[in-house]
1. Return only the number of the condition from (1) under 11 Å from the mean Cα position of the chain (by Cα); (2) in contact (Cβ under 8 Å) with a residue 60 or more places away in the chain that residue 58 does not satisfy.
2. Listed residues 53, 116; which is surrounded by fewer than 17 Cβ atoms within 10 Å (Cβ to Cβ), of a type in the set (Ser, Thr, Tyr) and within 19 Å of residue 38 (Cα to Cα)?
3. Within segment 6-28, which residues are of a type outside the set (A, V, I, L, M, F, W, C) and either modelled with pLDDT of 90 or more or part of a strand (DSSP E or B) (or both)?
4. So which pairs qualify, if the first residue must be in segment 11-28 and without any contact (Cβ under 8 Å) to a residue 12 or more places away in the chain, the second must be assigned to a strand (DSSP E or B), the Cβ gap must be under 7 Å, and the two must be at least 6 apart or on different chains?
5. Restricting attention to segment 61-68, does a residue exist that is assigned to a helix (DSSP H, G or I) and in contact (Cβ under 8 Å) with a residue 40 or more places away in the chain?
6. Return the residues of segment 73-113 that are of a type in the set (A, V, I, L, M), free of Cβ contacts under 8 Å to residues at least 40 places away in the same chain, farther than 15 Å from residue 4 by Cβ and surrounded by 11 or more Cβ atoms within 10 Å (Cβ to Cβ); say none if nothing qualifies.
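The values are calculated or read from the model by the stated rules, or taken from the named source; none is laboratory data. In this text, all values refer to a predicted model and were calculated from it rather than measured experimentally. Neighbour counts are summed over all protein chains in view; Cβ atoms, including those assigned to glycine, are modelled from backbone coordinates with ideal geometry.
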Amino acid sequence: MPHATVTFHNSHTNAVETYSGVRLADLLVKVGAPLGKELRGEALADYVVAIGSDGYKAVLALGEADPSFHPGEVIVADAMDGKPLDAHNGPLKLVVSEDKRPARSVRNLTTIELKSAP
């Protein structure tokens, strides 16, 4: 799948980091998520839960992952600064570019769940 690149300042490491990976939206389209023109009405209550191997979880509204709806990038990264992610972060990491803190960046990403609010 095509890769996107995201660069941002990580306040935890106090460093500029550049990640590359597949847009979350591109993965969600593969499972039939309503994105683009289909993201309206009840679909605006859909959300994504990203889970790391340590049980850490982060939630994003579906609109946050849709590039036609939100200006930020959300990617499932497999590389940082041109190198594969290390064992501490990878092999996959959810990266959310517009967050002021990287708290929703989920390292050692194992699961992405698409859900609807009741």
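1. Evaluating residue 58 over (1) under 11 Å from the mean Cα position of the chain (by Cα); (2) in contact (Cβ under 8 Å) with a residue 60 or more places away in the chain leaves (2) as the failure.
2. Numbers: 53 fails: within 19 Å of residue 38 (Cα to Cα).
Matching residue, one of 53, 116: 116.
3. Hits for segment 6-28 are 7, 9, 10, 17, 18, 19, 20, 21, 23, 26.
4. Taking only residues 6 or more apart or on different chains, the pairs are 16/7; 16/9.
5. Here is the first cut: in segment 61-68, the residues assigned to a helix (DSSP H, G or I) are 62-65.
Cutting the leftovers down to in contact (Cβ under 8 Å) with a residue 40 or more places away in the chain gives us 62, 65.
Within segment 61-68 (the criterion being assigned to a helix (DSSP H, G or I) and in contact (Cβ under 8 Å) with a residue 40 or more places away in the chain), the answer is yes, since at least one residue qualifies.
6. Here is the first cut: in segment 73-113, the ones of a type in the set (A, V, I, L, M) are 74-77, 79-80, 85, 87, 92, 94-96, 103, 106, 109, 112.
Keeping just the survivors that are free of Cβ contacts under 8 Å to residues at least 40 places away in the same chain gives 85, 87, 96.
Right, trim to farther than 15 Å from residue 4 by Cβ and you get 85, 87.
85, the sole residue that qualifies.
Residue by residue, here is whether (1) at pLDDT 95 or above; (2) in contact with a Leu (Cβ under 7 Å, 6 or more places away or on another chain); (3) under 17 Å from residue 22 (Cβ atoms) holds:
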residue: 73; (1), (2), (3): no, no, yes
residue: 76; (1), (2), (3): yes, yes, yes
residue: 79; (1), (2), (3): yes, yes, yes
residue: 84; (1), (2), (3): yes, no, yes
residue: 88; (1), (2), (3): no, no, no
residue: 94; (1), (2), (3): yes, yes, yes
residue: 97; (1), (2), (3): no, no, yes
residue: 100; (1), (2), (3): no, no, no
residue: 106; (1), (2), (3): yes, yes, yes
